[in-house]
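A quick write-up on the structure given underneath.
A short reminder: the numbers here are calculations on the coordinates, not readings from a lab. What you see is a predicted model, and the numbers here were worked out from it, not measured in a lab.
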């Protein structure tokens, strides 16, 4: 149900992030997966935004302290700024 070239579910995306962070089996990871499933099977508009907001907060808590992989674009930007200064 994704909008990009690789369709998938919210559960798929959440599980992939949790596995990458080593948090899939934590209680917060399990809670995030339960919320993702509710989002995927939801047919009602009422409460959908609240589910998404709670999933975001739960994922933030579940992955707190886990190092985030650097974005290559950010790395290039930082390198350019070190070489040429921030004025570029």
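Given C-alpha coordinates of segment 49-88, what is the ratio Rg to Rh with the Kirkwood estimate of Rh? Intermediate results must be reported in sequence, preceding the final value.
Numbers: Rg = 16.4 Å, Rh = 12.8 Å.
Here Rg/Rh amounts to 1.28.
Report Rg (one decimal) and Dmax (nearest whole number) for the chain, counting Cα atoms only, units Å.
17.1, 52
222 nm [θ] for the chain, helices only, -39500 (n - 2.57) per DSSP H run of 4+, per residue, to 500? Show your work: numbers first, answer last.
Values: 4 runs with 55 residues, N = 88.
Calculated at 222 nm, the ellipticity per residue is -20000 deg cm²/dmol.
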